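For reference, the structure discussed in these notes is given below.
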Amino acid sequence: MAGKVRGRRPLGLLSSTIVIAAGISFPAPQAAVAQTASQTYQFDISAKPIRQALHDIVRASNLDVVFLETPSASAVGNPVHGTLTPQQAIAGLLNGTGLSYHFTGPNAVTIADSNASAQAEHSSADGSTRLDPIIVKIGNGASVYAPYQTGAPTAHIPAQTIERYRGANASDMFRGTPGVMSGDARNSGSAVDVNVRGMQGMGRVNVTIDGAMNSTTVYQGYQGISNRSFVDPDFVAGIDITKGSDAQSRGIAGTVSMRTLDASDIVKDGKSFGFRLKGDFGTNTSKPNAGDKAGYSIANPIGSTNDPTSGFGSAVPSQTGMDRPSLLTPTQGSRSFIAAFQKEEFDLLLGYAQRKRGNYHAGKHGSHADPVSTGPRPFCYSSGNCPSYLTYRDVVENRGLVNYRAGEEVLNTELETRSFLGKGTLRFGDGHSLQLGYMWTDTEAGDVLASRLATNETQAVQQAQTVGAQLKTFTLKHRWEPADSDLIKLSTNLWHTDLRFRNPRRAGTQWSQYQPGMFGLPADYRVGTNNVMWGGDISNTSAFDLPAGALSLTYGLSYLHEDTRPSPFSQLLEDWLVIRDGNRQEAAAFVKGQWETTDWLTVNAGLRYQHFSSKDRTGADTVGNFSPDDPRGQRLSGSGWSPSIGVTFEPLDGTQVYVNYSDAQRMPSLFETLTGYSTAFNPALKPERSRNWEVGTNFTHDSAFALGDKAMLKLGYFNWDVKNYLSREYTTLVHPEYGYSYETMRVYNIDRAKFEGIELSARYERGGFTADLAANYYLDVEFCKTAATCDSRSLYADYATNQIPPKYTVSLTASQKLLEDSLTLGGRVSRTGSRAIGHGEVTAQGASAFISQVEWKPYTLVDIFAEYEVNDYLTGSFRVENLTDQFYIDPLNIVTQPGPGRTVYASLTAEF
């Protein structure tokens with residue numbers, strides 16, 4: 001049976017790319033082997049178990065090692081010293097051990113028992129070798145197989161999946177990942193707002209791109225906020241997700257690490273230069289026209305019972321938006337160019353991508369706008385001062401979920417992005433490498449202030465201006481992994497992000513005492529914020545061979561600085577909106593360890609200490625008054641410890657059972673600690689503390705149902721209890737100087753929030769067929785204002801109102817290779833259930849909920865694709881998203897707008 005290289009370097013496994021190659025043919029070209037043999041590396045490996053020595057060789061030479069488990073697997077190898085080729089190093093290591101090796105490609109070698117290798121290999125007539133191995137490669141990121149061999153709730157989204165199911169917005173990258181979604185999916189352009197198991201925003205999910213943050217929180221009126229991290233999917237090489245806390249990360253709900261392309265992703269094997277040119281077109285969009293309206297204008301005037309001609313409701317349809325283009329008419333497109341150069345000492349990558357589209361059109365089958373006359377209704381329901389002679393003589397209601405008709409143009413969903421990516425890496429001396437990266441993204445997107453489109457009867461209007469975001473990110477990474485030391489695996493990262501966010505004026509020109517022309521600015525001058533973030537971390541991993549087992553420790557420090565302030569003239573032009581102005585710092589130290597006590601038991605533990613402080617520079621309360629003690633310079637700070645522990649059992653080969661517990665803190669975010677419109681400064685905020693239980697099992701089996709297949713399954717249960725959950729409330733405060741009371745909102749701690757559910761992932765491969773199943777089900781979600789008042793309903797003024805995930809989601813993805821693997825056909829079917837819990841709490845005055853709940857109904861989406869490799873350099877693809885043209889509302893929306901209907905995409909990619 002094939003096995004993974006394993007033993008005294010457990011941290012190597014955590015950074016491994018594990019690729020399962022069941023029933024795939026691997027030719028062994030002599031030219032490739034000769035090329036590998038010509039490259040030399042410095043080796044200094046003492047006599048040690050072969051599994052350990054192989055990890056050292058892999059780390060030094062970047063080989064792919066296929067290790068077939070045999071009785072000789074535990075043998076001690078020979079020492080290997082000097083400047084050698086990988087072939088010479090492996091030959092010296094295995095001499096006299098009873099193991100043999102065989103190169104199957106330029107960077108791949110199979111190792112097996114000399115007597116058993118003939119049984120593990122199956123030669124075909126053309127001389128190729130058919131294997132049933134697990135390949136272990138030390139490389140960048142994880143793979144789709146890594147979660148099935150990790151004793152923790154993790155997931156991986158490869159670039160291939162992102163490409164095949166690109167979707168209309170960046171948020172669509174997360175579809176099909178159990179327990180992970182992105183909020184505000186259609187109103188945030190190229191940004192993502194990641195939700196992990198019902199928690200999102202405020203730093204609960206730590207989202208990074210090449211280790212750098214670029215998150216900003218966008219005020220959306222009384223309806224809530226949108227927490228946005230900007231990314232161009234054209235440059236994403238993979239996404240690694242950890243659900244729950246990790247001692248090395250500040251996110252208590254999860255960590256989402258996106259990796260952009262490297263030179264190794266572009267340059268083909270055996271070459272030093274490569275480039276990729278791609279063009280893409282799509283359908284189902286229309287050019288925006290300012291002032292267009294959607295759906296129906298619904299009016300219900302009040303009339304007198306004495307006047308039979310007045311007081312009748314009406315629903316007048318818009319005269320625009322129903323000219324949906326034909327199915328195959330190109331109306332949107334994208335293009336990208338990436339060039340890379342790679343040598344042993346250095347590499348360089350440069351890339352540019354551009355995408356443009358208009359407003360997409362909704363589907364035709366679902367709960368679209370449906371105005372219905374419901375008859376007479378009294379003007380009010382209480383006796384009080386309600387005139388008895390006034391009434392609604394015929395009330396018109398929209399029975400649809402949103403005020404959009406079937407197939408209608410969805411206003412303010414246009415998007416245009418331009419992105420540049422540059423990376424350079426220098427490798428020098430004894431395992432040192434230095435990488436400098438720069439990413440620039442300029443985005444213009446439709447964006448509706450959520451409070452202006454929060455009900456199913458509000459009529460959307462196309463805005464004249466888009467919302468803009470310009471992002472510049474610099475990264476500097478140093479790695480030191482000396483070949484002769486198990487104690488040093490040093491990683492240092494520094495990064496700086498400049499994010500400038502611009503939106504149309506929210507206050508409205510008629511209310512502001514200042515106008516742009518007073519300052520020599522154009523009438524359409526946009527306001528916004530300038531956000532600067534920078535930080536760094538340093539960590540090291542040390543591995544020890546102890547009599548009681550293999551121990552590895554990872555330890556380090558991290559620092560984060562965030563600063564937000566109004567862009568020039570913004571505070572003057574939005575004079576009744578207090579724009580947040582302040583900064584925040586967070587420093588942390590951590591250590592985590594992995595102890596392999598036996599071949600079947602591994603113990604993990606971690607400890608994190610963090611301290612934060614924030615400074616409010618506004619000097620104003622939420623009604624624009626200045627406090628006597630001047631809160632400018634007023635600070636909030638806190639600190640705490642976050643421990644974690646877990647065990648992984650491996651009772652049988654290919655089977656793992658894991659139990660993990662963490663007690664993690666999240667410090668209040670920059671948005672939560674600053675004064676702003678609709679949020680008063682609260683000096684009593686406490687950190688959230690999330691007590692997370694994870695229980696799960698992994699199965700990975702070869703030839704499970706048929707010879708040569710591979711079956712994997714991951715099943716887990718989670719129970720999160722978030723003490724001091726940070727919520728928002730509508731409350732009455734007393735002015736500290738004048739003593740009068742006023743009503744406002746503020747962030748405060750409730751007793752707790754609870755999230756409990758089950759997740760399932762499964763993968764099956766046989767030959768050219770692959771199937772992935774992902775599902776999750778929420779057993780309960782609760783919010784407890786006090787210890788004695790818990791309810792499975794969201795709170796009326798809390799941002800979590802529209803962050804509640806579906807009760808269940810199920811996604812099945814399948815693909816099949818044909819025509820000697822040159823053609824791949826596939827598709828995905830996903831089912832989304834209704835909201836996990838209700839939303840019933842109202843204000844003390846009996847008014848409607850302060851934040852409107854955006855409803856959706858269960859829906860099913862079908863996507864299909866086809867890819868054809870014309871030759872080694874040219875690939876064409878064709879895909880249809882929302883094949884059945886469903887009219888649906890995305891979960892976690894804060895505005896009432898549908899998702900895109902049936903859309904056809906086609907692309908051509910040239911790689912040299």
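So the values come out like this:
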| quantity | calculated |
| --- | --- |
| Exposure proxy ranking, count of Cβ atoms within 10 Å, fewest first, for 615, 714, 343, 243 | 343, 615, 714, 243 |
| Three-way shape label, the stretch 265-911, alpha-carbon gyration tensor, a/c 1.5 | prolate |
| Rough spin-label spacing in nm, given labels placed 7 Å along Cα→Cβ, for residue 734 and residue 222 | 2.6 nm |
| Förster radius 60 Å - calculated FRET efficiency between residue 684 and residue 95 (Cβ-Cβ, nearest 0.05) | 0.30 |
| Net charge of neighbours whose Cβ lies under 14 Å from the Cβ of residue 271, counting Lys and Arg as +1 and Asp and Glu as -1 | -3 |
| Point-to-point label distance, residue 860-residue 544, nm (Cα→Cβ direction, 7 Å offset) | 5.7 nm |
| Ordering of 205-212, 643-650, 193-200 by burial proxy (mean other Cβ atoms within 10 Å per residue, highest first) | 193-200, 205-212, 643-650 |
| Local electrostatic count at residue 822 - Lys and Arg +1, Asp and Glu -1, tallied over other residues with Cβ under 10 Å | -3 |
| Separation of alpha-carbon centers, the stretch 464-530 and the stretch 323-343, rounded to whole Å | 26 Å |
| Prolate/oblate/rounded call for the stretch 319-369, Cα gyration tensor, a/c under 1.5 rounded | prolate |
| Under 14 Å from residue 857, Cα to Cα: aspartates and glutamates that are on another chain or at least 8 residues apart | 890 |
| 4 °C / 1.567 mPa s Stokes-Einstein diffusion coefficient of the stretch 149-264, Kirkwood radius on C-alpha pairs, µm²/s | 91 µm²/s |
| Sparse-neighbour loop sites [GluC sites (Glu not before Pro); the stretch 673-766; at most 15 other C-beta within 10 Å; DSSP] | 737 |
| Distance between the stretch 728-763 and the stretch 661-718 - C-alpha centres, whole angstrom | 20 Å |
| Using a Förster distance of 30 Å, the FRET efficiency for residue 438-residue 483 (Cβ separation, nearest 0.05) | 0.50 |
| Percent antiparallel among DSSP beta bridges (both partners in the stretch 149-264, rounded to 5) | 80 percent |
| Inter-label distance, nm, simple model (7 Å from Cα along the C-beta direction), residue 782/residue 587 | 4.0 nm |
| Coordinate range along principal axes, alpha carbons of the stretch 779-893, Å, largest first | 69, 26, 23 |
| Cβ-defined net charge surrounding residue 869, 13 Å radius [Lys, Arg +1; Asp, Glu -1] | -4 |
| Residues of type aspartates and glutamates that residue 723 reaches as a straight line, Cα spacing below 19 Å, ignoring anything fewer than 8 places off in the same chain | 246, 663, 672, 688, 694, 751, 756, 780, 782, 791, 798 |
| Anchor residue 423: lysines whose Cα lies under 17 Å away (excluding residues fewer than 8 positions away in-chain) | 343, 472, 477 |
| Ranked 322, 202, 518, criterion: other C-beta atoms within 10 Å, fewest first | 518, 322, 202 |
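All of the numbers you see were taken from the coordinates with simple rules; none came from a lab. Not measured: the values here are computed from a predicted model. Using ideal geometry, Cβ is built from the backbone for each residue, glycine included, and neighbour counts are taken over all protein chains shown.
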